[in-house]
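Chemist: Here it is, the structure, as structure tokens.
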Amino acid sequence: YALRVGLQALEKTNNRFFANRRVIGVERALQQQLAGLMPVGADCISPDGAPTGARTRFFEGRVQSMRFVTNYSLNESARGYPRIVEYSVIPGKDNIGLRLIVNESVYNGPTSLMGHCVGMSLDPERGFPLPIFRRIEPRPDSFVLADKIAGVRFVFLETLPPPVLQRWTSTWSAPAWPAAIRMEIVPLDANPGNLDVATVTIPVRVTADPFKKYAD
């Protein structure tokens, strides 16, 4: 009986250890990929594949999805080609909670972004053009960053002129890069012995305009 109790305690400790490492890994992965964000632009096409003439900064920011180009790969770290990364929230295994996944695809120039932006709409709240990106689908090679969670939320910091200066928004449509990105993850099992994913706020250092050469 004592041996069984000891083994059960060891198993719980190991599970908690791996869960805590996963939490730290989520924060580190997002920090490193945002630190390597590349200011690239993309041409938008219509759903039937015809060019529309519209261009957008290649950045999708929504409450449960995010997409951009980075020079940091979860698979190869800072080595190899830049990556197109897609963060998305999907149902968890056996429909238990939710999971946060990341897709990575090789970025080898503007042609590799074709088909991601499928049109433009107008942000009704602020009047900015809002790119419409194709839906992010899970793939066999998707990275699972967080599993069995109750919720994930991305919000984006917008810099504004005085007197407001700054505000957070859950849908990014401003004609600039966000000043920071905040990730909030709510654990499914609020076990006091587990390291819950705290709110992580990561500054975005990129300010370059990918279309400036077209305006000169």
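Chemist: Nothing charged except the Cβ atoms of Lys and Arg (+1) and of Asp and Glu (-1): what's the magnitude of the dipole of segment 53-138 about its Cα centre? Round to the nearest 20 debye.
Modeler: Numbers: 11 positive and 8 negative charges, 22 e Å.
I would put it at about 100 debye.
Chemist: Right, next: From the phi of every residue in segment 164-179, what ³J(HN,Hα) in whole Hz does the Karplus formula 6.51 cos²θ - 1.76 cosθ + 1.60 yield, where θ is phi - 60° and glycine or proline is x?
Modeler: Rounded to whole hertz, the list is 6, 6, 8, 7, 9, 9, 8, 10, 8, 9, 5, x, 6, 8, x, 6.
Chemist: Could you pull out the GluC sites (Glu not before Pro) across segment 40-139 that fall in loop regions by DSSP (anything but H, G, I, E, B) with no more than 10 other Cβ atoms inside 10 Å?
Modeler: Details: sites: 60, 76, 86, 104, 125; in loops: 76, 125.
Filter output for segment 40-139: 125.
Chemist: In addition: When the dipole is taken about the Cα centre of segment 62-106, and only Lys, Arg (+1) and Asp, Glu (-1) are charged at their Cβ, what size is it in debye, to the nearest 20? Let's see the in-between values first.
Modeler: On the way: 6 positive and 4 negative charges, 17 e Å.
Around 80 debye, computed over segment 62-106.
Chemist: Moving on to the next point. Can you sort 168, 177 by 1.4 Å-probe accessible area, starting with the largest? Walk me through the intermediate numbers first.
Modeler: Details: 168 95, 177 20 Å².
Listed by decreasing accessible area, they come as 168, 177.
Chemist: Please give the per residue accessible area of segment 88-157, computed with a probe of 1.4 Å over protein heavy atoms only, in Å².
Modeler: It amounts to 52 Å² per residue over segment 88-157.
Chemist: With all protein chains present, how much of the accessible area of segment 85-213 (probe radius 1.4 Å) comes from carbon and sulfur, to the nearest whole percent? If you can, show how the numbers build up before the last one.
Modeler: Values: 3970 of 6940 Å².
The nonpolar share, carbon plus sulfur, comes to 57 percent.
Chemist: Here is a follow-up. Could you please report the charge total around residue 156, scoring K, R as +1 and D, E as -1 over all other residues with beta-carbon less than 15 angstrom from its beta-carbon? Before the final figure, lay out the partial values.
Modeler: Working: positive: 57, 62, 67, 126, 153, 167, 182, 205; negative: 60, 123, 125, 158, 184.
Result for the local shell: +3.
Chemist: If you don't mind, there's one more thing I want to ask. Can you put 7, 160 in order of accessible area, largest first, using a 1.4 Å probe?
Modeler: Working: 7 100, 160 40 Å².
Most to least solvent-accessible, the answer reads 7, 160.
Chemist: Right, here's the next one. Let me make sure I get this right: for segment 59-187, a, b and c are the square roots of the gyration tensor eigenvalues over alpha carbons, sorted descending. Under 1.5 in a/c it's rounded, otherwise prolate if a/b > b/c, else oblate. Which is it? List each step's numbers first, then the result.
Modeler: Details: a/c = 1.71, a/b = 1.25, b/c = 1.37.
Note, shape of segment 59-187 comes out oblate.
The values are calculated or read from the model by the stated rules, or taken from the named source; none is laboratory data. This is a predicted model, so every value here is computed, not measured. Heads up, the Cβs are rebuilt from the backbone with ideal geometry, glycines too, and the neighbour counts pull from every protein chain shown. With ligands, DNA and RNA removed, areas are computed over all heavy atoms of the protein, side chains included. Shrake-Rupley method; radii C 1.70, N 1.55, O 1.52, S 1.80 Å.
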